[in-house]
Amino acid sequence: MKKFFTLFTILSAAFFTLLSTQTLRAQLSLTAIGTPATMNFNLGGSSNCSGAGNAWVNNATIPNCYSNMGSYAYSTGCNNTGALHVSGNGGETALGGRASNSTTLIIWGVRVVNNTGQAISALRIKYRGEQWNSALTNVTNTVAFSYSVSATPITNVTAGAYTNFPALNMSNLVSQGGCGGGGAAINGNQAGNFADISACLPVNIPAGSEIMLRWYETNDACNDHMLCIDDLEIIPLNNTLTIAPITGPNTVCAPDTGTYSVNAMAGVTYTWSALPAGASYIGGAPTGNQAQIDWAGTAPGTYPITVTPNGSFCGITLNPATINVTVQAPGPPVTISATDTTICNGQSVTLTSSDSTGNTWNTVPPQTTQSITVNTPGVYIVTSAAACGTSSDTITISSLNSPAINLGNDTIVCTPNINVVLDAQNAGATYLWQNSSTSQTFTATTPGTYYVEVTNLCGSNTDTIHIVLQNLPQVNLGVDSLICGPVMPFLLDAQNPGATYLWQDNSSNQTFTVTDSGTYYVAVSNVCGTGRDTIHIRHQLVPQVNLGSDTTVCVGTTFAMLLNAGFPDATYQWQDNSTNAVLPVTQPGTYYVEVSNDCGTAFDTLHVISITVPVVDLGSDTLICPGSPFTLNAASPGATYQWQDNSTNASYSDTVPGIYFVTVTNSCGSGSDTLVVSPFPAPVSDMKDTVLTCGITELLLDAKNPGADYFWSTNESTQTITVSETGEYWVEIQVCNTTIADSVSVEFTTTSNNPFNPPNTFSPNGDGMNDFYQVQGNFDNISNFSAMVYNRWGQMVYSSSDQNFQWNGEHGGHIVPGGVYYVVFRMRSECDEKDKEYNTTVTIFY
């Protein structure tokens, strides 16, 4: 005997089916009286008609399933005898067997546990019987049903007492073919090849006990029809069975309708109680387990609805069921405060629901406030939830930008008579054209400038179009040209922007760059035709000439040089009117040339200078204040310089007293000079306290300290002043930030003893005129005579004790610089008790 046993345990009222390839897992548990437990046999797998090729392990292949078979097969109805089969077509499968030519039975069963907590007195069992093979005609093949109840787990479908229950047997539905052909495979899922089998099984199953439901198939030789079971449903029953609960809405809002149901029991009809005023059963008074009630017109209140079963189910009397339904009056539908609205880009609008609570707006994310503010276009819906359901309202928000205008690109026309329609778009806006017309369109009949201002709720914009009358292109490349300059290119412009161009080299730009002499032409085309022009261009460089740097030659030497002014295609004019490109030079002088061609004239001059050995004169020795800057200049054209510190500039600057010397060298030799820079001595006061004039009418007062700054009581600021009145005279003397004061009392007498009148200028330049400084006068009564000359720095540059002296302007063998010099005469006259000093100035000119 071949056995198959499956334990099914459903852990809740729902049915669970777990599938995996070649593995069954199912459990079935009865959890409540009247609550069905179900299962199907969609076990997966694939066809295997060559034999049962899948290994079977008790309580492993399928939990709580047992069999003495070592294998099982998947089948689509093919001939595979003596095997347990999972038969199906696609994912929908059933469980059965084929016992043809088998020496044992094929048995399979479902183990069911009573977990209702009550004793079960009956089971209503229903399943689908499917046939997957058709064998010998007119032969009946039956799969028998039996059951066994036990207080302990049942793990064997052959041991123990089983009771047959033929009402749940299954027999074949069709037959054809024959034994020799092995029958024919058929699809058990197709109509006519399956039947629903159900029956009430009276059986006592104590709480916690088990019942084994089993099916077995005997050897039918070659007549097996491969019968299988599928879609099993088991309902536990006892005397507490009720049709309750009544399902359906227990709160309704008139005029809602409601659908109400009770548990359906096979063969049982139902009586539904009368309804309150205003309510009615849709379709008339029902007799089935379901009814539809229209609550329109029903006053608010709570109303009981009772359903009474007529008769029994599986021999068990059924109790009635009642539901209390509360009818509520609906409130007014929700509304949005605003109407469909248009907003401008960037603006917002506030939408307000008529309900203060329970609102849900269709924004992202949803908002639940009474009011929302939106700034984007769209359809906005508010849904308001209340006790009587929901209501909604919708508003459409449109957006509007300020007008966008495009009258088109500027247009060229070739005739003054036109008919161009300009459209400002933006339907619904207002319009103002250049002529104050207000239509959306404007017809231009002549070339010109046209503009429009378009205004809507969101603003205004304008646009302008130029309709330009254009003639045949007028091309003027210019007159034939000479291009002067060192650099080509030269740019030719065919003008007429927007036209097309074809130059002599097939280029097509508006401009053409000329890089060489030649003939250039262009054809310029526009919508009105083609214009042409030609130009001849000649290129020549502007003359340039460079005779070189000025040149020096030493006096008494001979030399020869060539001045070259050569330039292509030029003419020449030298200072001596010669016209060659080259001029020979053998004498010092100034040489210049004019070089000319069609592009202009260039000039250059060269000086050939005769020079001698440098004569250097740094000037007289000088005095400075501490830190005062001074500059010595030895500049001589074309010379080089070497100072006492080996510096080589033409001038030398410093702030330190000392001995400074320089050697100046040119191509003819060298010259040098030395200058002593000394610090100013501290100022001294040297005026007499009292002076008697002895008959002179003017007296020269000398503050000494040459080079100082002076401030006299007479407001004069020179080293010496001349006074002619008796009085007290004082002076402040400042030398290098040191200031002293001196004073003298002068008394003029009536006796004049001034023996001489010295000159105030001379020019020792060797021209034989006024070349010497000398004094003339009556010196008969003069003794102790001396004359001393000082430069402005207080340096004595000449002295003599001879009354007839003649000074030639030299000091140390050199002519002193021109300028003002201070002269001091000392002598004693008969008016004087001691030597007298006379101060004056002399100016040297050259």
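The values are calculated or read from the model by the stated rules, or taken from the named source; none is laboratory data. From a predicted model like this one, the values you see are computed outputs, not experimental measurements. Using ideal geometry, Cβ is built from the backbone for each residue, glycine included, and neighbour counts are taken over all protein chains shown.
Details
- Subset of region 513-547 (residues that are outside any strand (DSSP E or B) and within 20 Å of residue 490 (Cβ to Cβ)): 515, 516, 517, 541, 542, 543, 544
- Annotation: of all residues in region 730-749 being under 21 Å from residue 826 (Cα atoms) and of a type in the set (Ser, Thr, Tyr), the one that is modelled with the highest pLDDT is 743.
- For region 452-472, a tally of residues being surrounded by 18 or more Cβ atoms within 10 Å (Cβ to Cβ), within 20 Å of residue 413 (Cα to Cα) and at pLDDT below 90 returns 1.
- The residue that is surrounded by the fewest Cβ atoms within 10 Å (Cβ to Cβ), counting only those in region 758-794 that are aliphatic (A, V, I, L, M) and more than 28 Å from residue 678 (Cα to Cα), is 769.
- Matching residues in region 255-272 - criterion: being assigned to a loop (DSSP other than H, G, I, E, B) and touching a residue at least 40 places away in the same chain (Cβ under 8 Å): 255, 256, 262, 263, 265, 266, 267, 268
- Among the residues of region 434-449, the one identified as within 41 Å of the chain's Cα centre (by Cα) and buried (at least 16 other Cβ atoms within 10 Å of the Cβ) is 440.
- Test set (1) over 18 Å from residue 759 (Cβ atoms); (2) out of contact with any Phe, Trp or Tyr (no Cβ under 7 Å at 6 or more places or on another chain); (3) surrounded by fewer than 17 Cβ atoms within 10 Å (Cβ to Cβ) - residue 829 fails condition number: (3)
- Test: residue in region 290-310 that is buried (at least 17 other Cβ atoms within 10 Å of the Cβ), under 30 Å from residue 94 (Cβ atoms) and either of a type outside the set (Asp, Glu) or modelled with pLDDT under 90 (or both): no
- Entry remark, region 486-512: residues being over 30 Å from residue 602 (Cβ atoms), out of contact with any Phe, Trp or Tyr (no Cβ under 7 Å at 6 or more places or on another chain) and either part of a strand (DSSP E or B) or among the aliphatic types (A, V, I, L, M) (or both) number 6 in total.
- Criterion violated by residue 350 - all others in (1) in a strand (DSSP E or B); (2) surrounded by 13 or more Cβ atoms within 10 Å (Cβ to Cβ) satisfied: (2)
- So residue 483, is it surrounded by 14 or more Cβ atoms within 10 Å (Cβ to Cβ) and either assigned to a loop (DSSP other than H, G, I, E, B) or within 42 Å of the chain's Cα centre (by Cα) (or both): no
- Tally of residues being assigned to a strand (DSSP E or B), farther than 19 Å from residue 548 by Cα and under 60 Å from the mean Cα position of the chain (by Cα) across region 598-627: 1
- Scanning region 372-405 for residues that are without any contact (Cβ under 8 Å) to a residue 24 or more places away in the chain and surrounded by 13 or more Cβ atoms within 10 Å (Cβ to Cβ) returns 372, 378, 381.
- Taking region 109-146 as the range and being aromatic (Phe, Trp, Tyr), in contact with a Gly (Cβ under 9 Å, 6 or more places away or on another chain) and under 25 Å from residue 35 (Cβ atoms) as the test, no residue passes.
- Scanning region 790-832 for residues that are of a type in the set (Gly, Ala, Ser) and assigned to a strand (DSSP E or B), we see that the one that is farthest from the chain's Cα centre (by Cα) is 800.
- Take the conditions (1) buried (at least 18 other Cβ atoms within 10 Å of the Cβ); (2) without any contact (Cβ under 8 Å) to a residue 60 or more places away in the chain; residue 285 misses just one of them, which is (1).
- Residue ID - farthest from residue 312 (Cα to Cα), chosen from residues in region 262-283 that are out of contact with any Lys or Arg (no Cβ under 9 Å at 6 or more places or on another chain) and of a type in the set (A, V, I, L, M): 277
- Region 709-745 - residue that is touching a residue at least 12 places away in the same chain (Cβ under 8 Å) and not in a strand (DSSP E or B) and, of those, surrounded by the fewest Cβ atoms within 10 Å (Cβ to Cβ): 737
- When we screen 597, 509 for residues that are touching a Cys at 6+ places or on another chain (Cβ under 9 Å) and at pLDDT 90 or above, the only hit is 597.
- You will find that of 160, 178, 183, the residue that is in contact with a Gly (Cβ under 8 Å, 6 or more places away or on another chain) and at pLDDT below 90 is 183 and no other.
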